Amino acid sequence: MSETTTKVILFSYTNYPGLISNLEKEGVKMGEDDLLRHGSFTFDLQGVSRAASHQIVRHRIASFSQQSQRYVKITRSYGYLRPAGIPEDLKVPVEIHGQKFDLNFSDVMDLTRQAEEGLVAKGIKAEDSRYIRPNAATTNIVMSMSPRQLIHFFNLRCAPDAQWEIRDLAWSMYAAVSLVAPQVFGPLPAADDSDYIKKRVSIVSDLVRKQTAMFDRAPPGELFHLELQPYLDFAHPVDGFVRKY
């Protein structure tokens, strides 16, 4: 297995200018609260750890589709995420049947991969072999939320005390929705009580403003790469994309 770069792709979202215009033609005026209730944003989160995916699906007012561990076998092409707090060259002593080894994080990940594949090769069902797969192993998950629930998600997961991986994901997602729906996603409410969030909201606002013209010129269907690093100082590599409609 190899270390993975996470991808955050906003590939479906409500066209608010069109929605507002069409409703106004029918004599329906949408207020700020209406904008939060009527709309949907769908993200394809690729290369997130199982640890982070467990946190994501706790947000129950949402829809999720997650890659199956039962039917998708793990190979060397499947990656893992190593926390930045664990140095790549750090080795720890382990003992197996009286033999002592010094292993780093990558060694342990590869051992679990080999063990899982070995069990399958000996006829053990994949659904049983996967029990030794580590939380660091990556998965893909599709998530859809309304604007109201996304703001709640951001208030919790963009906070400085949020776990590092989901915090990086949340800021990438916040930047993406700020680009396509600025009339809905302004400064986060949590910024009123957190200088950390306030500063990063300002950074995102500046990044989005600088890239809006390029996004507007992008051809329909293109995956627009949203430049976020090194400005947001993520704890792990994250690439943000928005599909242009």
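Numbers below:
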| item | result |
| --- | --- |
| Shape of the range 115-245, Cα gyration tensor, a/c cut at 1.5 | prolate |
| Computed FRET value (nearest 0.05) for N15 with H59, which takes r as the C-beta separation and R₀ as 35 Å | 0.90 |
| Cross-link pairs beyond the 27 Å C-alpha cut-off, checked among K91/K198; K7/K199; K100/K125; K7/K91; K7/K100; K25/K244 | K91/K198; K100/K125; K7/K91; K7/K100 |
| Cβ crowding within 10 Å averaged over residues, with 6-18, 205-217, 161-173 ranked highest first | 161-173, 6-18, 205-217 |
| Accessible area expressed per residue, the chain, with surrounding protein chains retained (probe 1.4 Å, Å²) | 54 Å² |
| Mean separation of Cα contacts under 8 Å (6+ apart) over length of the range 80-173, as relative contact order % | 19 percent |
| For the range 180-245, alpha-carbon Rg and Dmax in angstrom | 13.1, 39 |
| Under the span-like rule (Cα at least 18 Å along the axis, Kyte-Doolittle mean at least 0.5), DSSP H helices of the chain | 164-180 |
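The values are calculated or read from the model by the stated rules, or taken from the named source; none is laboratory data. Given the structure is predicted, the values throughout are model-derived calculations rather than measurements. Here the Cβ is made from the backbone with ideal geometry for all residues, glycine too, and neighbour counts use every protein chain on show. Calculation scope for accessible area: heavy atoms of the full protein, side chains included, ligands and nucleic acids excluded. Shrake-Rupley method; radii C 1.70, N 1.55, O 1.52, S 1.80 Å.
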